[in-house]
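Taken together, the values in this text are just the output of simple stated rules run on the coordinates, not laboratory data. Keep in mind that this is a model prediction, so the values were computed, not measured. Please note: Cβ atoms are built from the backbone with ideal geometry, for glycine as well, and neighbour counts cover all protein chains shown.
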Amino acid sequence: MGGSLIFQNCLIIFLCTLAVWYGKHHWDRRRLYMMAKQKPGPISLPFIGGAWCFINKNILDASVGLQERYGSITSVWIGQELNFFLSDPEDLEMVLTSPHAYGKHVNYKFVKGILGDGLITAPVDKWKTRRRALAPTFNQKILDGFVQTFVRQSETLVKKLETIVGKGTFDSFDYISRCTLDIIFETEMGLSINAQHTEGQMLEWANSAFKIAIIRMFSKWYSNDFLFNMSLMSEVFRESKRRLEEFTQAIVDRQLEAYRKNVAQEYLGDEPKFKTFLQLLIELSEDTLHLTKTEIREEVMTFFIAGSETTATTTAFTLLTLGIDLTVQEKVYQEIMDVLGSDRNIVYQDLPKFVYLERVLKETLRLFPGGPLLGRSVTSDIKLKGCTIPGGSFLTLVVHHMHRNPEIYPEPLKFDPDRFLSEQVSKRHPYAWLPFSGGHRNCIGMKYAFMVMKTVIANIVREFKITTPYRDVGEIALESQVVLKTPDGYPISLQKRD
């Protein structure tokens with residue numbers, strides 16, 4: 001009898017405590033609830049909120065669907081987190097230039113589990129310091145010194161492609177990604193890994209880890225650490241991450257030891273040509289940044305993964321668009337011949353002369369932006385033209401939807417490089433094109449990426465005519481992974497030019 005009474009009293013105390021906590025929890029969040037009503041969005045269900053919109057769906061399509069149904073500012077509860085989905089260029093400028101939205105979305109913690117505190121995922125205080133220090137490593141003189149590597153590796157790619165000329169359709173991505181991987185490793189780490197000649201596993205480890213990170217971002221089940229750690233995926237993730245870290249750390253340790261032994265002139269080739277990103281990073285670290293070995297590795301991994309994935313996928317998408325529009329392809333070819341002729345190697349002075357090719361790349365990035373969805377966290381209120389985004393909420397910037405908005409880009413599925421003529425660009429909002437994000441936390445490697453892509457594409461188009469089974473860019477299925485990709489591959493066929 002006494003035991004039963006004690007149990008009842010304990011239960012009452014527990015329930016009262018739970019009720020008080022529950023009431024205080026919602027009272028503290030009352031402003032978020034009120035601010036969420038400013039804009040329309042899907043119905044919120046108990047516990048999951050509007051997350052039902054993303055269950056068993058392509059995340060990119062679901063995000064675009066929200067914009068199409070509810071407008072350019074959409075309010076969505078995902079579990080206990082208030083999210084606003086945005087796609088108006090004026091709103092995106094307000095967000096990306098606001099110091100209250102420098103922090104990344106809470107879901108980036110899953111990517112951070114791979115990259116650590118590299119530039120993409122670093123908290124704001126670390127990002128500010130490192131961004132300021134690393135910016136000089138991407139100056140034009142340093143980038144120009146990399147062009148010989150871009151040329152040599154793209155010529156190797158051309159030789160590989162010559163072996164499959166006239167053999168029908170093939171997926172170009174594996175060939176291109178191996179080329180960009182060789183370029184990234186030589187210019188970033190001073191290491192030749194011969195990815196175009198050997199069956200390396202770096203891409204396999206990276207893709208495996210990031211696929212799982214993306215799943216965790218949008219799954220309420222796997223986003224829970226306890227539930228994820230009980231799954232088979234956790235073992236695959238940990239093994240892929242371990243291999244990536246060990247491989248990269250070994251390179252960092254070797255270069256750091258060389259620098260400290262006063263033999264940092266460890267350049268590629270027989271004589272000094274350029275300093276790699278890793279060598280410059282080590283010099284900065286020894287001088288001003290004072291990074292640990294782990295922190296150096298995190299920056300190297302960030303640049304390797306972001307750089308190789310973005311340049312490879314954009315190059316592959318560009319070859320598809322050239323295969324669809326043969327008129328545009330011919331204009332690119334004529335420009336290349338005017339600049340280079342039939343057999344001269346590219347030098348860094350040639351790259352700014354590829355004016356039409358640059359417009360082709362920009363139009364490709366409009367249709368297929370590397371970062372189709374950008375996530376930010378909001379620390380204090382941000383006033384937009386249509387509402388106020390409250391501190392404590394999160395933002396998803398639906399760049400892909402903005403890039404295909406017919407009010408901004410008429411006939412949005414038409415591939416038209418002349419959209420990027422200066423007189424056309426001046427008519428649009430400056431934040432209407434954001435393939436590399438925007439504001440202070442934009443991509444630090446944009447110039448590098450364009451120089452790589454121009455070199456690789458110029459060497460391919462000079463040698464081959466490109467065709468594809470696709471007849472329109474609207475036929476290409478898309479999904480958001482580490483960067484925007486197509487799940488169906490990048491099918492092209494090649495013919496040798498006369």
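Descriptive notes on the structure:
- Cross-linked pairs Lys109/Lys211; Lys37/Lys220; Lys104/Lys362; Lys331/Lys362; Lys57/Lys211: Cα-Cα separations exceed 18 Å for Lys37/Lys220; Lys104/Lys362.
- Coil-residue chymotrypsin sites (Phe, Trp or Tyr not before Pro) of segment 284-373, DSSP, other Cβ within 10 Å capped at 13: none
- 3J(HN,Hα) from dihedral phi, segment 254-261, Karplus parametrisation 6.51/-1.76/1.60, rounded to Hz, x for glycine, proline: 5, 5, 5, 5, 4, 4, 6, 8
- Local electrostatic count at Gln481 - Lys and Arg +1, Asp and Glu -1, tallied over other residues with Cβ under 9 Å: 0
- Phi-based couplings in Hz for segment 149-165 (Karplus 6.51, -1.76, 1.60; Gly and Pro marked x): 5, 4, 5, 4, 6, 6, 5, 4, 4, 4, 4, 5, 5, 4, 6, 10, 5
- Karplus (6.51, -1.76, 1.60) ³J(HN,Hα), θ = phi - 60°, over segment 479-494, in Hz, Gly and Pro reported as x: 8, 8, 10, 4, 10, 5, 9, 10, x, 9, x, 10, x, 9, 10, 10
- Near Pro89: Cβ cut-off under 12 Å, other residues only, Lys/Arg at +1 and Asp/Glu at -1. The net charge is -3.
- In a simple Cβ point-charge model (Lys, Arg +1; Asp, Glu -1; nothing else charged), the chain has a dipole of about 1340 debye relative to its Cα centre.
- Going through (i) 27.8; (ii) 36.7; (iii) 24.6, the figure that equals mean projected area of the Cα convex hull in nm² as computed for the structure here is (i).
- Centroid-to-centroid separation of segment 243-263 and segment 149-180 [C-alpha atoms, Å]: 30
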